[in-house]
Every structure is written in C-alpha cells, then in structure tokens.
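A.B. asks: The structure's right below; bear with me while I get my questions together.
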Amino acid sequence: MIPLYRSGELRKIESLASTHPLMERAGAAAAELAAQLADTRGAAILILAGPGNNGGDAFVAARRLREGFFDVRVVFIGSPDNLPEDAADAFRRFVGAGGVCLSEIPEKLRWSLIVDGVFGIGLKREISGAYADLIHRANALARRDACPLLALDCPSGLDADTGAQRGATIAATHTISFIAHKPGLFTLDGPDRCGRVSLAPLGLDSASLVAPSGELVAPEGFSAHLKPRLHNTHKGNYGSVGVLGGNDGMVGAAWLAARAALKLGAGRVYLGLLAENAHAIDPLQPELMLRAPDDLLKLPLDALACGPGFGVQVGEDLLARASSLELPLVLDADALNLLAQSAELQKRVARRAAPTILTPHPTEAARLLGRDTAEIQSDRVFAALELAKRFNAHVALKGCGTLIASEEKWFVNTSGNAGLSTAGSGDTLTGFVGALIAQRWPPREALLCAVHLHGAAADRLAAEGKGPIGLMASELADSARAIFNEWVSGIRDQESGDRGQRTERPSASVVRHL
C-alpha cells in the first residue's frame with residue numbers, strides 16, 4: 001500500500017537525506033510536470049514563490065522552465081535575506097541565470113499555467129494579508145484563463161497533516177507531492193483543493209528511512225482474503241450475521257444493513273427489528289430471517305451489527321446485552337450515541353475480548369470523545385486513533401477521506417464521492433462490515449475492504465450516470481456485489497494462470513485485476 005507521512009515524519013526523512021540535493025530534485029520534478037501541463041513551448045507561466053523552502057522549490061522550477069524556453073514570470077513578495085539557506089541559494093541561481101522577481105502579478109497577460117509555491121507542509125497558521133490576496137488572485141486568474149493550477153507539495157493554505165484549510169487556500173487542479181504523500185491531501189478539504197495528486201519521491205525510499213504510521217487504502221491491503229469459493233460448500237461456510245435495529249420510523253435503516261450483508265455473501269442474515277409493529281418478512285428481500293430482538297441475541301451468530309435505526313429511546317439494556325456476547329460487534333448510528341451517554345457501557349465495550357468495530361461520522365465521534373465536531377474534523381487522524389485506543393476497537397471515522405484506525409495504525413480511503421452523502425449510506429457500510437467478518441475476515445482487513453468497496457460502488461454508480469447527485473443508498477449493495485465478484489474473479493484468474501505456468505510466475509499484480 002502507499003505510505004502516508006505527517007510533517008514531523010517528513011522532517012525526519014529530510015534530515016536523514018540531507019546529503020541529497022532534494023530542493024533541486026523537487027524543482028526539476030515540478031518543472032517537468034509544469035511543462036507537460038503548459039503544453040506549448042513559449043507559453044506564459046506564472047509562478048508564485050513563498051518565503052520558505054516551498055519558495056525555493058518554485059525558484060528551481062522557474063529556472064528550469066526558463067531554460068526550456070517558457071515565458072516564466074515569478075512573483076515573490078518576501079525578502080531574499082530571510083529565505084532559508086537552500087531556498088536562498090535557489091533564489092540566487094534563478095536570478096544569476098537572468099530571472100527576475102516581480103512584486104505583483106502582471107495584469108494583462110493570459111496564463112497557460114499557474115504554479116503555487118507559496119507555502120508548503122509546515123503551515124500551521126491562518127493565511128492573511130498580502131499572501132491571502134496573492135492566493136485569491138491566483139485562484140481567480142486560473143478560473144479566468146481556464147488554465148491548470150499546479151501546487152508544489154501541498155496547496156498553500158491547506159494543512160498537509162489534517163486537510164484543514166488555514167484561511168485563504170489555493171484551489172489546485174494538480175498537486176505534485178514531494179518525497180511521500182501526506183494525509184491532508186486525501187481527507188477533509190484536501191480532495192477539493194488538491195485536484196489530481198502525483199508523487200515525486202526525489203530518489204528516496206521513504207519507508208526505508210522512516211517507517212510510515214499511515215497508508216492509503218488499496219486492494220493490496222486485503223486482497224489475500226479475496227478467495228474464490230469452492231463448489232463443495234454450503235451456507236454455513238459463510239457465516240451468520242445479525243442486525244439489531246429498525247425502531248419505529250427507522251425500519252429502513254436496518255433493512256438496508258441486512259440486505260447489504262446478504263448481498264456481500266453472508267450465508268445467513270437475521271434481522272431483529274425493534275419497531276412495535278415490525279414486519280414478519282422483508283417483502284423486497286425474503287431471504288432475510290426476521291426475529292424478535294431477544295431471540296436474535298440468543299442465536300449462534302458470527303457477527304452482530306447494532307445501531308441502524310436503533311433509536312436512543314431503546315435504552316442501554318439491549319446494547320449492554322449485545323456487547324457482552326463473545327462475538328464480533330459492529331456499532332453504528334444510535335448504538336454509538338447510546339455508548340457516548342453511558343460511562344458503564346463504555347467500560348464494558350473497552351473490556352471486550354472479541355473484536356469491536358465502530359463506524360462513526362464526525363458528530364458521533366465528537367460525542368464519543370466528549371468534544372465538538374469541529375475539533376474532530378481539525379485532526380481526523382488523531383480522532384480516529386483516540387477512538388480506537390479508548391474503546392479497544394477498530395474504527396472507521398467516516399467523511400471525505402474516511403479514516404480507519406486499528407492497533408495504532410491508520411489508513412485513509414480515497415474511493416467514493418459526494419453521492420455517499422445520503423441517508424442510509426452508513427447503514428449499508430455496516431452491513432458490508434458484518435458480512436465480511438462473518439465470513440472469517442480479520443476485523444481490520446474487513447473494515448479496509450468494506451470502506452474501499454463502499455466507495456468503489458458509489459464511484460461505479462456515478463460513472464454509470466446514477467450519481468453522485470441522486471445516488472440512493474439502496475443502489476450501493478448491488479454495485480458492490482458486482483465489484484466484489486470481479487475482484488474475486490481476478491484472484492481466480494491469477495491462480496489459474498499460476499497453476500498453468502508453474503515454471504514462470506506471472507508478473508502481473510493482483511491489483512491489475514482489482
């Protein structure tokens with residue numbers, strides 16, 4: 001999988017690689033991409049250089065683009081005397097090669113490309129004043145000229161660790177990330193501000209220098225558990241899932257979760273509806289087996305999901321009984337809100353020996369941690385890790401760039417789109433998680449796969465014209481089922497190739513099939 005590093009870890013990498021000409025390499029990589037984006041030799045390129053090392057990268061890129069006969073204009077509103085050593089050297093080489101720095105953006109030129117080299121990964125303050133004006137102007141010019149806007153390492157104004165905007169923020173169409181990827185590029189506001197993200201490792205193997213604490217979710221992280229089914233099997237081989245929820249007025253949430261579990265391959269799915277006048281059968285999915293809540297908790301289940309349509313008025317007793325069962329437990333929605341309200345229930349969950357999976361959205365996470373939603377969103381990595389530690393659980397903190405935390409490791413998921421911002425989407429995810437765990441997947445890999453598949457299903461629906469606007473949660477399970485079967489078929493095809501060519505193992509990765 002692709003490693004992610006926060007700024008402190010990246011500083012360690014830079015220190016360990018201090019003998020390498022990293023700024024020159026970064027500027028060269030930026031210039032190469034810029035030349036591709038500008039497309040035409042001689043095209044006008046506007047480069048904004050900042051007061052730190054990000055500005056140094058911009059000066060190197062500007063020098064190299066001038067050498068490539070582009071019409072480069074550099075705007076620098078800082079002082080050369082205050083630049084860090086490497087950036088000051090890059091400035092002198094740019095000027096020594098005939099480059100000129102302007103204090104204002106030329107008004108009458110039309111730009112083929114704008115390059116943002118104002119602030120990089122170290123930004124922890126709000127951008128205001130002249131730099132804010134420069135950023136707003138760059139965004140406006142990119143819209144006016146319909147030209148690409150390339151950010152160096154991280155869009156100025158975006159916190160590379162958290163994805164939070166620090167005041168005025170560049171709206172890039174492309175971001176070139178140096179050395180390694182940063183979590184803020186892929187979560188919270190990052191995806192809306194970074195555009196297409198590429199990586200320039202600058203000749204370094206980051207993982208050999210500093211072990212990453214985070215990764216991007218990718219099929220490599222769970223593909224070992226995508227196993228084709230044998231012909232000689234029966235439903236008991238694929239586990240039994242229980243779904244507890246569906247109070248008055250919210251029965252649909254429980255149905256969505258249960259149907260999703262069934263369509264992702266669980267052998268049996270039992271649904272315990274809390275509504276007083278609950279149906280005896282699901283008319284759309286008669287394969288589901290409906291039980292009274294008390295009876296559901298007595299069944300020999302392989303996984304139990306609690307929360308979809310639960311309702312906080314149910315009280316703690318039912319959830320306390322569920323949490324005392326020695327089986328994997330998935331908690332979502334009002335099960336999380338009940339958990340947040342009860343110190344005793346929190347202790348009970350934290351002491352569980354069987355796996356616990358929590359899938360909160362940011363407001364539910366805030367309740368669980370006794371904070372407000374803004375605090376959770378200000379550092380989603382920290383919040384997810386804190387939840388995992390406090391509740392001895394595997395956690396998916398939902399949102400743009402869902403954060404998965406498990407055993408002090410964290411992951412950022414990049415699949416999915418705005419179509420998932422719809423009622424019932426989280427209930428469907430809960431069903432996916434329950435189904436995979438019932439099929440004996442390890443909890444972390446089950447959560448990684450379920451979250452990634454959930455987003456991939458939404459992406460496919462959007463590609464088919466069924467979203468993101470108007471995408472419905474009830475459409476996700478069918479889309480996910482098709483994708484999941486394609487993934488498993490890819491594994492089967494590779495295994496068949498391996499058996500047919502014992503002397504030479506195919507070089508194609510499973511990921512190609514995924």
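The values are calculated or read from the model by the stated rules, or taken from the named source; none is laboratory data. Quick caveat: nothing in here was measured; it's all calculated off a predicted structure. So basically every Cβ, Gly included, is an ideal-geometry build from the backbone, and we count neighbours across all protein chains shown.
A.B. asks: Quick one: what pairs do we get from the stretch 54-73, first residue at negative phi and not assigned by TED's automatic domain parsing to the domain that holds Leu150, second buried (at least 19 other Cβ atoms within 10 Å of the Cβ) and part of a helix (DSSP H, G or I), C-beta under 8 Å, 6+ apart or different chains?
C.D. replies: Within 8 Å, no pair qualifies.
A.B. asks: Within the bounds of the stretch 141-150, is there any residue that is within 23 Å of Glu14 (Cβ to Cβ) and either of a type in the set (Ser, Thr, Tyr) or assigned by TED's automatic domain parsing to the domain that holds Leu48 (or both)?
C.D. replies: Scanning the stretch 141-150 turns up at least one residue that is within 23 Å of Glu14 (Cβ to Cβ) and either of a type in the set (Ser, Thr, Tyr) or assigned by TED's automatic domain parsing to the domain that holds Leu48 (or both).
A.B. asks: Leu109 versus (1) hydrophobic (A, V, I, L, M, F, W, C); (2) surrounded by fewer than 17 Cβ atoms within 10 Å (Cβ to Cβ); (3) touching a residue at least 40 places away in the same chain (Cβ under 8 Å); (4) under 17 Å from Gly78 (Cα atoms): which is the lone unmet condition?
C.D. replies: Only one criterion in (1) hydrophobic (A, V, I, L, M, F, W, C); (2) surrounded by fewer than 17 Cβ atoms within 10 Å (Cβ to Cβ); (3) touching a residue at least 40 places away in the same chain (Cβ under 8 Å); (4) under 17 Å from Gly78 (Cα atoms) is unmet by Leu109, namely (4).
A.B. asks: Let me ask something else about it. Select from the stretch 3-26 the residues that are buried (at least 19 other Cβ atoms within 10 Å of the Cβ) and touching a strand residue (DSSP E or B) at 6+ places or on another chain (Cβ under 6 Å) and write down the one among them that is nearest to Asp379 (Cα to Cα).
C.D. replies: The residue in question is Leu4.
A.B. asks: Restricting to helices (runs of 4 or more DSSP H) lying wholly in the stretch 332-411: which have 1 or more residues that are closer than 20 Å to Ala160 by Cα?
C.D. replies: 362-369, 373-378, 380-391
A.B. asks: Does Ser198 satisfy the condition of being modelled with pLDDT under 95 and either in contact with a Pro (Cβ under 6 Å, 6 or more places away or on another chain) or surrounded by fewer than 20 Cβ atoms within 10 Å (Cβ to Cβ) (or both)?
C.D. replies: Taking the combined requirement at face value, the residue does not satisfy it.
A.B. asks: Here's another thing I want to ask about it. Pick from Leu256, Leu185, Leu244, Leu264: which is surrounded by 24 or more Cβ atoms within 10 Å (Cβ to Cβ) and without any contact (Cβ under 8 Å) to a residue 60 or more places away in the chain?
C.D. replies: The match here is Leu185.
A.B. asks: So, one more: With respect to Gln313, determine if the residue is assigned to a helix (DSSP H, G or I) and modelled with pLDDT of 95 or more.
C.D. replies: Answer is no for this residue.
A.B. asks: Only one residue in Thr162, Thr169 is outside any helix (DSSP H, G or I), in contact with a Leu (Cβ under 6 Å, 6 or more places away or on another chain), in contact (Cβ under 8 Å) with a residue 24 or more places away in the chain and polar (S, T, N, Q). Which one?
C.D. replies: Thr169
A.B. asks: Residue check: is Leu436 out of contact with any Gly (no Cβ under 9 Å at 6 or more places or on another chain), at pLDDT 95 or above and in a helix (DSSP H, G or I)?
C.D. replies: When the stated conditions are applied, Leu436 does not pass them.
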